[in-house]
Amino acid sequence: MKTFYSFFRSTRLAIVLILYIAAASITATLIPQGMEETFYLSRYGTAATRLIFSVGFDDFFRSFSFLFPAALFFVNLTVCSVSRLVLELKGRRRQGFGPDIIHLGLLILMVGSSMSALTRQEVLAFAGEGDRISLPGGYSLSVRSLEFRTYPDGLPREWVTTVDVTGPGGKKDPGRRIGVNHPLKVGGMSIYQNSWRESDDGAAETGLLIKRERGLPVILSAFLLISIGLVVTYLKKPGDSRE
Amino acid sequence: MTLPAAAMVILLGIVVLQCIAIFRRSSSPDGISPWLLLSAGVLLLGVTIYRSILIRFIAVTNTWESLIFLAALITLVLFVLCIRRGGGLPPYIILGGSLFAMAFLALSSSPITSPELRPPIPALRSHWLVLHVVCSFIGEAFFTVSFVAAVVRLLSPGDEGRRTRAEGIMYSAVAIGYPFFTMGALIFGAVWAEYAWGTFWSWDPKETWALVTWLIYTAFLHLRHIGKIRGILAVVLLMVGFVFMIFTFFGVNFLLSGLHSYG
């Protein structure tokens, strides 16, 4: 138990894991991710492809090579944070709690990201004016109008889809606008203005990305916590925080 | 004369002043360099403000605008650090930082980028995007100064005083830049991505390299915390971090493919 604790208590472990994840992530950007085996075979040859697949570098961020060190980091950070807290409560450390807020935020971020990754569902639906899209939970969208706004020189400025939402039990919410960077939230789902195309007969079609996941509020809380922690650690008294 | 050209002239003047100070081995900082830095920074910020008014959006959404803005921030960061430290910044640091500002300015008038006035495409029309760029760049300006300090530290093995001062600046520049970079590059970037595409993070090359850059500076700060950051290791980490930062900014756009080819 003691060796478990001292192994996971060490900042040195954190630094090793950080540097490993950095190096491995770099490698993952240099090898195209998520491709078919034939792609790697033609590009790298048989031996290299076998190596790539055996260590999971074809889909690195979902592989053991990433997830296991990330899990180790999670345990490491938890043990460090608890240990710091205990020392603080015992009065044996008085170095400010800014980093602890950052670390807590980071832990919550990892939890939220895992929740999000595990529960994410999405679908891309194309629809023209007048079309109806059925959504889970008894919701549906009726596409009222499609608007493509341009700048004076004709380049795209905005794509907006206006929909009438019908909820379960027939509850109506008409005239809701979905634009790029302005998603619509409906019944636990988020709907994004994702793409635009013209169908064969010249009519405009909007591509709406419909997404559902759990973890969004957790992730946002984590971001807030990390931001607060950063300000407290580094910006409250700039330059002289020894942390 | 255009605003960027005027700033370039001022920066040249600052470089000359630092060279004179170094040659003369002056111990006291000249009183004029900080104000020249401020002038150059204000002129360059003026470019950003002027363009923002013209396109009705904060002008930080393409390569040209980014380079001007980064050069502005470097000069302003140098100014702030000069004022903060009672004795000003050592001439080598001002020299190095100004050279970087000049380099980014020079890049802006190179063929890789165009000053053509273009308001942003729909995906970039977001307050979060603006926060993302502005805060990242503030962080990156500080990281640039820390890189300069690391170079000075590397090239001063004999001079104890210069070494110590360089190490102090290496750390304080990272300490101020880190929160800005973390919030800008990672947090605001992720929030923007969520609003624009429905996903906080997709491990695309630019995002991944930004994270890698962040990890290097995180490692630096933690090594320092446990007291394991003697001399050359600190220098190496900051140099690697800076190279990765530059690669994230430019290299990814031009050498790797993904979502992020805006600027």
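Exactly one condition in (1) surrounded by 13 or more Cβ atoms within 10 Å (Cβ to Cβ); (2) under 21 Å from B:Cys135 (Cα atoms) is not met by B:Ile53; state its number.
Evaluating B:Ile53 over (1) surrounded by 13 or more Cβ atoms within 10 Å (Cβ to Cβ); (2) under 21 Å from B:Cys135 (Cα atoms) leaves (1) as the failure.
If we scan the range B:112-121, do we find a residue that is part of a helix (DSSP H, G or I), modelled with pLDDT under 95 and within 11 Å of another protein chain (Cβ to nearest Cβ)? So that I can check it myself, show each step before the final result.
If we filter the range B:112-121 for residues that are part of a helix (DSSP H, G or I), which is where we start, we get none.
No, the range B:112-121 has no match at all.
For the range A:1-44, enumerate the residues that are more than 17 Å from A:Ser63 (Cβ to Cβ) and part of a loop (DSSP other than H, G, I, E, B).
Within the range A:1-44, A:Met1, A:Ser10 meet the criteria.
Can you tell which of B:Gly168, B:Gly189, B:Gly184, B:Gly258 is modelled with pLDDT under 95 and within 30 Å of A:Asn194 (Cβ to Cβ)? Steps first, please.
Values: B:Gly168 fails: within 30 Å of A:Asn194 (Cβ to Cβ); B:Gly189 fails: modelled with pLDDT under 95; B:Gly184 fails: modelled with pLDDT under 95.
After applying the criteria, what remains is B:Gly258.
Among the residues of the range A:167-226, which ones are within 18 Å of B:Arg125 (Cβ to Cβ), open to solvent by 80 Å² or more (accessible area, probe 1.4 Å) and away from every other protein chain (no Cβ under 11 Å)?
A:Arg177
Which members of the range B:198-213 meet the condition of being within 23 Å of B:Ala123 (Cβ to Cβ) and hydrophobic (A, V, I, L, M, F, W, C)?
Result: B:Phe200, B:Trp201, B:Trp203, B:Trp209, B:Ala210, B:Leu211.
What helices (runs of 4 or more DSSP H) completely inside the range B:159-253 contain at least 1 residues that are open to solvent by 20 Å² or more (accessible area, probe 1.4 Å) and closer than 22 Å to A:Ala24 by Cβ?
Counting at least 1 such residues, we get B:205-225, B:231-246.
The values are calculated or read from the model by the stated rules, or taken from the named source; none is laboratory data. Given the structure is predicted, the values throughout are model-derived calculations rather than measurements. Cβ: placed from backbone, ideal geometry, glycine included. Neighbour counts: every protein chain shown. Note: accessible area is taken over every heavy atom of the protein model, side chains too, but ligands, DNA and RNA are not part of it. Shrake-Rupley method; radii C 1.70, N 1.55, O 1.52, S 1.80 Å.
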